[in-house]
Structures are given as structure tokens and as C-alpha cells.
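Structure first, commentary second.
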Amino acid sequence: MFNRKLIAVAVACLGIQAAMPAAAEDADKCCFRLTPYYWAVGIDGSLENDSTNQSVDFNQDIGDVTDNLEFNGSLMLEHNKGRWVNFASVDYMKVDNDDVDINQAGVKVEVESDTVLGTVATGYRFGEGGKSHVDVLVGVRGAKLDIEANLKGSSDGSSVNADDDLIDGILMLRPRFAFGKGEHWAFSPTASVGAGDSDLVWELAPEFVYTNDCCNLEFRFGYRTVNYEIEEGDVEADFSFQGPMVGLGFAFRRHASTAEHAASTRCRRPFFCSGLRVATC
């Protein structure tokens, strides 16, 4: 059900854009970017079970991320044609956070998380051209959550669980502020907020991006936080997935004019991408 809903929304986003004509001056401009990235994610938050009167607050330091992260895989897709933009991302995280101190004397908690996050969105690009712009998008974020907090050292050795599939509507902003010589550098924070199956979900991901136009390569690094507030039955949860991230993207472009394409092929490419070719969307 989780996957089918996300696929249905993605198809709907593409259908909306297909029905809306692009501006004449931008209609032939097309770009598709694929970015695998590594998100060194930890999990902080609280779980509460009203039926058992158990409450657990936990926190993972960034220094513990490497030891506790069992598996991580993330991928981001971006597509724009003219001023219309599409965005999709997927993250899989398996975290085993052992022996975390909590607010009970003599008690530690083991936090296990097996989570899939997926986002699809579509929207419009605002700006006067160049490399600075603001993308405003609407879409959905899905989460397949399996979080368990096991108390060790408590009298009853109890646990608190959050196991749910969530689909939330979101509003997303993705501005890009280029700077430096040739505007190869940019500050590109992503922010989103929404609700639906969860009471509240929000994301904040400030990033710095370096673009090599000749290679069509884009290197990005930053810090990402995705926070959920949910209430399901007797369980209340407020937690964040957060940590530094780094990624390398490759763009496929179709130029608006022969002159633009000719200019790109005259780039003096560095040795590490001399064999790469500009492809079309």
C-alpha cells in the first residue's frame, strides 16, 4: 500500500505538468539530475505508551552515528522542464543505538530503527534566470516506520514501539542562492512541512553545492533533519532522523539552443571527467 500510494502520486505529478504548457522561452530547456548520497543519520526523540505508562527520551550524539548505523542508502532525483520542476527522494536507514542513557537512574535504552522514507513532489521555479532561483513544490512524504526502544535495567524490562506506515501531504521550498566566481557555488536549503497520517512532519536540510558545468557534476554537503510527531493508539512519538549528508550528482541536459550546446562542449574539462559526455533529457 505504501509503495502504491507514492507511485500514484508521482504519476499524477507528471500528468499535471504534461497538461500545463511551459513558457515559450523555457520550453526546450530540460535537465535531469541523479544524486546518490550518504546520510550519516542518527535518531533522537521520545516514545510514550499511555497504556503501560512508559516514557522514553533518547539522544544519539553525532560521534556515535558510525558505530550505530548498520545500513544506509539514499537517492535523489530532480527533473525540470522550463520552470516546471519534479523532485523525488528515497532513504533507507537501519540504526541500532545500543546503551543510550535516558532520564531514569540506572536504566539504559537500546533503540532499533528500520525505516524507509520516500518523497515525491512537483512545483514551479521562480526567479529571473541564472543559477539562483526558488522552487515551490507540493507533494507527499511516505514513511514506513519500525522503531523499538527496549529499556535495560528497569524493573520490568519493558519496551515501547512505533510501527506504522504514514502518508503525509507536504509543502516544500527549495531555494538556491548562487555565489562566487562563475556562480559555481550555491547555498541550497530545503525546507518542508506537512501532515496527514502523522500529526506533523517537517524537514530542514541546509546544503552547500558546488557545480562543475563542464562535467555536469554536482557535489553537495550539508545537514539534514526530518522530524515526526505521531499518535497511534496508545503510543505517542516525537522523534527526528538527523545527521550530516554528502552526495555527488550527475546531470543530463538538453540545451535551449545550438549556441548553448556549443558553449558547453567548448568547456575545458578537468582530467577526472575528460571521458564524460553531455547527454540529453
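The values are calculated or read from the model by the stated rules, or taken from the named source; none is laboratory data. Because the structure is predicted, anything quoted here is derived from the model rather than measured. Neighbour counts run over all protein chains shown; Cβ positions are idealised from the backbone, glycine included.
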Q | Residue count, segment 193-239 (criterion: touching a Ser or Thr at 6+ places or on another chain (Cβ under 6 Å), more than 22 Å from VAL138 (Cα to Cα) and of a type in the set (S, T, N, Q)) | A | 0
Q. What are the residues in segment 223-237 that are surrounded by fewer than 19 Cβ atoms within 10 Å (Cβ to Cβ) and modelled with pLDDT of 90 or more, if any?
A. TYR223, THR225, ASN227, GLU229
Q) Got at least one residue in segment 240-261 being at pLDDT below 95, closer than 19 Å to SER46 by Cα, in a strand (DSSP E or B) and in contact with an Asp or Glu (Cβ under 7 Å, 6 or more places away or on another chain)? A) yes
**Q.** Of all residues making up segment 191-214, the number that are surrounded by fewer than 19 Cβ atoms within 10 Å (Cβ to Cβ) and farther than 15 Å from ARG174 by Cβ
**A.** 9
